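K.L.:
Submitted below is the structure of interest, expressed as structure tokens.
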Amino acid sequence: MTDQFYDEILLDHNMHPQHLHELPTATCSHAGVNPSCGDEITLHLDLSEGRITNGSFTGVGCAISQASADIMLDLMIGKTPQEALHLAELFSKMISGEITPEELESLEEAGALQNISRMPARVKCATLSWRTLQQLLSSYLSQ
Amino acid sequence: MNNRNYKQDFPVFSEYPQLVYLDNSATTQKPQTVLNAAEQYYRAENANPLRGLYDLSVKATEVYENARAAVRDFIGAASEREIIFTRNATESLNLIAYSWGRANIREGDEILLLISEHHSNLLPWQILARETGAKLRFLECGADGAYTPAALQNALTPNTRLFAAAQISNIFGRVNPIREFAEICHKNGTLIVCDGAQSIPHIPVNVQELDVDFLAFSGHKMLAPMGIGALYGKEALLDAMPPFLYGGEMIESVTRESATYAELPHKFEAGTVNAGGAAGLHAAIRYLREVGFDEIRRREDALTALAFDGMKQIPHVRMIGADDPAEHHGILTFTIDGVHPHDVAAIFDADGIALRAGHHCAQPLHRHLGIPSTARMSIAFYNDEQDIKAFLSTLKTIRRRMGYD
Ligand SMILES: Cc1ncc(COP(=O)(O)O)c(C=O)c1O
């Protein structure tokens, strides 16, 4: 297919998300809203062992927000909250165009969202799940 | 279809000859004559209107008041005292809610709205109800977006003080039977507020024929500049209402402790007014009159039917509202199976086609319909068949470009 609108990785995560489901073992959930369109996703994490042993998301959104959430969970599962927050920080740096090539490496597939910084109308879609994760983990760590 | 090229009258289409603009319900483009009128005002007629005693200020006042006379005539009001200039429909609706609402609504009263109302015709009443202890109730529609007079009749109670409804919904494009609604309301002792934001640009509106108590609309959706709108109210109602905003221009005399207020309509126009915007609105009315609502309807109906019929043939495209293009007045809201409306709009944008996606400031309606968000294309008379063809040809490609076979 030559005329696909988004990057292959993004389209694939949107069409076949691995982490779009409920998570019965979740210990924390947190909802995030994209105020520009009203789309809402809820992030579910199992933090019972002090790290993200499992995670999922529920809710609706555009291809960018859905793929971004799915890619993010791929990256985050297995990480400690501190490592996860650091990666979320790098993701923000990528979106604002301040990331170094080495840092970009550590974001793995999330690097496919780098071009979003050229679509200002869609930045909020790409960052929705990451901001939601940051909120969830910050409040988890401050408990 | 008459082949006059109306786009020639709109400079934006010389700036962007390829632009396919199908977001007219959000705001229309502006014809040269409107730009000229606003410029002429600031070049040769500008002073603070209603204040000065010198020639230029008299001229500014004349421009401003002539615009008011044009609005009165355009909507068939009885008197210029019934035309209040505001910034937009939102401000007009807030003016009613703050001024009339706080003076008249009490605990236990009911305010009735359509479930499809724009947030601008919902939030002012929500806040009013919360502050006064009144009850907010909604008339619901089916999937075709229709509301019947009988349904209104059944929903009214002896406590219903106010009913607010758009004449044309910005999602369905369907015309509501406002005249019948007004008759039913008045028999019940209920006031009727009509949101004309989407109807004024598309159909002739006459407030005395409709017999509405208030009508709100925005200039920017009817070819005029942003920042000028109007509120029509029956004189006896406006007369009895307290001012909304306080300050200069709206007074008769002021002492240290108190003030008496100016007569209508200036009582409701505190502070320096938007005379340049009013001049632009006047020119927009003149231009719309010149084109004529018969021609506007003929063109918009033909384009709406062309788009509607084309959309119906594309698999996975689902139309919102009536199954008859004649009920849509240029507003076609839709979804595509498996593709989020934001992605739909992004793909149209990539092909140079401007349209809107989201909840269109009507979240309660989307919830009622069980659809989180939609895409909407909206037509004006200056659109042409090429625009519709471009729209349909992109629409056909969307699922494929999102990775479906
Ligand atoms: C039906 C309806 N009412 C009210 C409004 C609010 O108009 P404005 O933003 O110009 O105040 C709109 C426009 O978006 C509308 O479509």
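The values are calculated or read from the model by the stated rules, or taken from the named source; none is laboratory data. Fair warning: this is a prediction, and the values are worked out from it, not measured in the lab. Here the Cβ is made from the backbone with ideal geometry for all residues, glycine too, and neighbour counts use every protein chain on show. Surface areas here come from the heavy atoms of the whole protein model, side chains and all, with no ligands, DNA or RNA. Shrake-Rupley method; radii C 1.70, N 1.55, O 1.52, S 1.80 Å.
K.L.:
Rounding to the nearest 20 debye, state how big the charge dipole of segment B:34-288 is about its Cα centre with +1 on each Lys and Arg Cβ and -1 on each Asp and Glu Cβ.
P.N.:
On the way: 21 positive and 29 negative charges, 66 e Å.
Its charge dipole is roughly 320 debye.
K.L.:
Calculate the spin-label point distance for A:S92 paired with A:E105, positioning each point 7 Å from the Cα along the beta-carbon direction, and give it in nanometres.
P.N.:
Placing both labels 7 Å beyond Cα along the Cβ direction yields 2.5 nm.
K.L.:
At A:H16 and A:N115, where each label point lies 7 Å from the Cα along Cα→Cβ, what is the point-to-point distance in nanometres?
P.N.:
Using points 7 Å along Cα→Cβ, the separation is 2.1 nm.
K.L.:
Pop a pseudo-label 7 angstrom from the Cα along the beta-carbon direction at both B:R137 and A:D3 and give the gap in nm to one decimal.
P.N.:
5.2
K.L.:
Kindly state, to the nearest 0.05, the FRET efficiency for B:S79 paired with B:S14, given R0 = 41 Å and r defined as their beta-carbon distance. Before the final figure, lay out each step's value.
P.N.:
On the way: r = 41 Å, r/R0 = 0.99.
About 0.50, to the nearest 0.05.
K.L.:
Picking from B:V34, B:V193, B:V339, which is most flexible by a Gaussian network model of chain B using Cα springs under 10 Å?
P.N.:
In this elastic network of chain B, the residue with the biggest mean-square fluctuation among B:V34, B:V193, B:V339 is B:V339.
K.L.:
A further question follows. Sequence-distant or interchain residues sharing an amide H contact under 5 Å with B:L223, placed H: which?
P.N.:
Close amide H contacts, sequence-distant or interchain: B:T28.
K.L.:
Separate question: Across 20 Å bins from 0, what is the distribution of all Cα-Cα pair distances for the protein assembly as shown, in whole percents?
P.N.:
20, 45, 31, 5, 0
K.L.:
Another one. Which residue, B:L162, B:L264, B:L35, has the most motion in a Gaussian network model of chain B that connects Cα atoms within less than 10 Å?
P.N.:
It is B:L264.
K.L.:
Collect residues whose amide H, placed 1.01 Å from N in the peptide plane, falls under 5 Å from the amide H of B:T86; neighbours closer than 5 in sequence don't count.
P.N.:
Under 5 Å from the amide H of B:T86 lie the amide H atoms of B:G229, B:A230, B:L231, each far enough along the sequence or on another chain.
K.L.:
Please report the buried accessible area for the interface of A with B, total over both chains, probe 1.4 Å, in Å² to the nearest 100.
P.N.:
Details: alone 7320 and 16910 Å², together 22840 Å².
Using a 1.4 Å probe, the pair buries roughly 1400 Å².
K.L.:
Sequence gap at least 6, Cα distance under 8 Å: using those rules, report the relative contact order of segment A:3-141 to the nearest whole percent.
P.N.:
Relative contact order comes out at 27 percent.
K.L.:
Show me the chymotrypsin sites (Phe, Trp or Tyr not before Pro) within segment B:202-260 that DSSP assigns to loop and that have at most 13 other Cβ atoms within 10 Å of their Cβ.
P.N.:
Values: sites: B:F214, B:F217, B:Y232, B:F244, B:Y246; in loops: B:F244, B:Y246.
Sites meeting the loop and neighbour criteria: B:Y246.
K.L.:
Ignoring everything except DSSP H segments at least 4 long, calculate the 222 nm mean residue ellipticity for chain B; use -39,500 (n - 2.57) per segment, divide by total residues, nearest 500.
P.N.:
Details: 14 runs with 149 residues, N = 405.
The helix contribution divided over chain B gives -11000 deg cm²/dmol.
K.L.:
Roll a 1.4 Å probe over the protein chains and send me the accessible area per residue for chain B in Å².
P.N.:
40
K.L.:
Here's another thing I want to ask about it. Residue farthest toward the positive end of the dipole of the protein assembly as shown, with Cβ of Lys/Arg at +1 and Asp/Glu at -1: which of A:Q143, B:G142, B:Y21?
P.N.:
Of the candidates, B:G142 comes out farthest on the positive side.
K.L.:
Which one of B:S393, B:S373, B:S120 has the biggest mean-square fluctuation once chain B is modelled by GNM with Cα springs under 10 Å?
P.N.:
Comparing B:S393, B:S373, B:S120 in the GNM, the peak value goes to B:S393.
K.L.:
Calculate, in whole percent, how much of the Cα-Cα pair population of segment B:15-106 lies beyond 15 Å.
P.N.:
Values: 3167 of 4186 pairs.
In whole percent, the long-distance tail amounts to 76.
K.L.:
Mind running the shape call on chain A? Use the C-alpha gyration tensor, a ≥ b ≥ c as the square roots of the eigenvalues: rounded below 1.5 for a/c, prolate if a/b tops b/c, oblate otherwise. Write down the numbers at each step before the final one.
P.N.:
On the way: a/c = 1.60, a/b = 1.32, b/c = 1.21.
Prolate is the answer for chain A, as a/c is 1.5 or above and a/b outweighs b/c.
K.L.:
Using a ≥ b ≥ c from the Cα gyration tensor of segment B:51-209 (square roots of the eigenvalues), is it rounded, prolate or oblate, where a/c under 1.5 gives rounded and otherwise the larger of a/b and b/c decides, a/b for prolate? Can you show the working numbers first?
P.N.:
Numbers: a/c = 2.20, a/b = 1.59, b/c = 1.38.
The shape class here is prolate.
K.L.:
Related question: Test of the criteria: in segment A:1-66, which GluC sites (Glu not before Pro) are in a DSSP loop and have at most 15 other Cβ atoms within 10 angstrom of their Cβ?
P.N.:
Details: sites: A:E8, A:E22, A:E40, A:E49; in loops: A:E22, A:E49.
Qualifying residues, ordered by number: A:E22, A:E49.
K.L.:
Test of the criteria: in segment B:1-87, which trypsin sites (Lys or Arg not before Pro) are in a DSSP loop and have at most 16 other Cβ atoms within 10 angstrom of their Cβ?
P.N.:
Details: sites: B:R4, B:K7, B:R43, B:R51, B:K59, B:R68, B:R72, B:R81, B:R87; in loops: B:R4, B:R51, B:R87.
Here the sparse-neighbourhood loop sites are B:R4, B:R51.
K.L.:
Is the shape of chain B best called rounded, prolate or oblate, per the rule: a/c under 1.5 gives rounded, else a/b larger than b/c gives prolate, else oblate, with a ≥ b ≥ c the square roots of the Cα gyration tensor eigenvalues?
P.N.:
Values: a/c = 2.11, a/b = 1.28, b/c = 1.65.
Oblate is the answer for chain B, as a/c is 1.5 or above yet b/c matches or exceeds a/b.
K.L.:
So if I average 1/r over every pair of distinct C-alpha atoms in segment B:207-304 and take the inverse, what Kirkwood radius in Å does that give?
P.N.:
16.0
K.L.:
What relative contact order, as a whole-number percentage, does chain B give when Cα pairs under 8 Å and 6 or more residues apart are counted?
P.N.:
Numbers: 777 pairs, mean separation 89.4, N = 405.
Relative contact order comes out at 22 percent.
K.L.:
Within chain B, which is the longest segment that contains none of the GluC sites (Glu not before Pro) sitting in a DSSP loop with at most 12 other Cβ atoms within 10 Å? Write out the running numbers ahead of the final one.
P.N.:
Values: sites that count: B:E107, B:E257, B:E263.
Between exposed loop sites, the widest span is B:108-256.
K.L.:
Based on the Cβ-Cβ distance of B:D239 and B:Q313, what FRET efficiency does E = 1/(1 + (r/R0)^6) give at R0 = 60 Å, to the nearest 0.05? Mind dumping the intermediate values first?
P.N.:
Values: r = 55 Å, r/R0 = 0.92.
Rounded to the nearest 0.05, the efficiency is 0.60.
K.L.:
Further, regarding this structure: Identify, among B:G338, A:S36, B:H119, the residue whose Cα sits farthest towards the positive end of the charge dipole of the protein assembly as shown, taking +1 on the Cβ of Lys and Arg and -1 on the Cβ of Asp and Glu, with the dipole about the Cα centre.
P.N.:
Selected residue: B:H119.
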